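Below is one structure, written out as structure tokens; comments come after it.
The values are calculated or read from the model by the stated rules, or taken from the named source; none is laboratory data. Model, not experiment: these values are computed from the prediction. Every residue, glycine as well, gets a Cβ built from its backbone with ideal geometry; the counts of neighbours run over all protein chains shown. These accessible areas exclude ligands, DNA and RNA; they are computed on the full protein's heavy atoms, side chains included. Shrake-Rupley method; radii C 1.70, N 1.55, O 1.52, S 1.80 Å.
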Amino acid sequence: IVERAQVPFGSLYQYFPDKTAIIGTLAERYNATGRACVEKELAQVRSAADLHPALCRMVDGFYRMYQEEPVLRDICQPTQADPALKQLDDEDCRYLASLLRDAVRRFSDRDDKTIATFAELTITLIAAAVRQAITLKPKQGRDMIALFKQMLPRDLRALQGL
């Protein structure tokens, strides 16, 4: 951050009260990028057949983002450990789940509770899979992502009402 901003290290805390605020600001910036990716992919979902490919593209997009922006790995752990940052991460997941829920509603006649639960669980699992994959060696991470995408639902027929 200091290098990019071209400011002395001590000056950084004139703009941020503490390390948590710095990580939170970075997380919000990357969350916006992730949201744009998800919005783009889910805009293409018009039928059940569109769901699986869109989810796979979302997984690939998040994994690629972590590969291209190594700082995300450093942000990831604190967002799971610090309560304030965890809240920020939870809000982002809820927002992404609402996007998925709205996309599924375009083609599914399932009840709202089932769709909402499906969306929340799917986004949570995508985040967990990507977070795990980035901790592995590159080939292992890619293999894990490939297997995970095979596990993603292809339609909602198998879901039972909750």
What are the pairs, 6+ residues apart or on separate chains, where a residue within segment 36-58 that is farther than 10 Å from L100 by Cα and in contact (Cβ under 8 Å) with a residue 60 or more places away in the chain has its Cβ under 8 Å from a residue that is buried (at least 18 other Cβ atoms within 10 Å of the Cβ) and of a type in the set (G, A, S)?
A48/S108
What about R94, is it under 24 Å from K19 (Cβ atoms), assigned to a helix (DSSP H, G or I) and open to solvent by 50 Å² or more (accessible area, probe 1.4 Å)?
no
Residues that are at pLDDT 90 or above: which helices (runs of 4 or more DSSP H) entirely in segment 7-90 hold 2 or more of them?
19-43, 48-68
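For (1) open to solvent by less than 50 Å² (accessible area, probe 1.4 Å); (2) without any contact (Cβ under 8 Å) to a residue 12 or more places away in the chain; (3) not in a loop (DSSP other than H, G, I, E, B), each residue gets a yes or a no:
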| site | (1), (2), (3) |
| --- | --- |
| L99 | yes, no, yes |
| D109 | no, yes, no |
| T117 | no, no, yes |
| I126 | yes, no, yes |
| V130 | yes, no, yes |
| I145 | yes, no, yes |
| K149 | yes, no, yes |
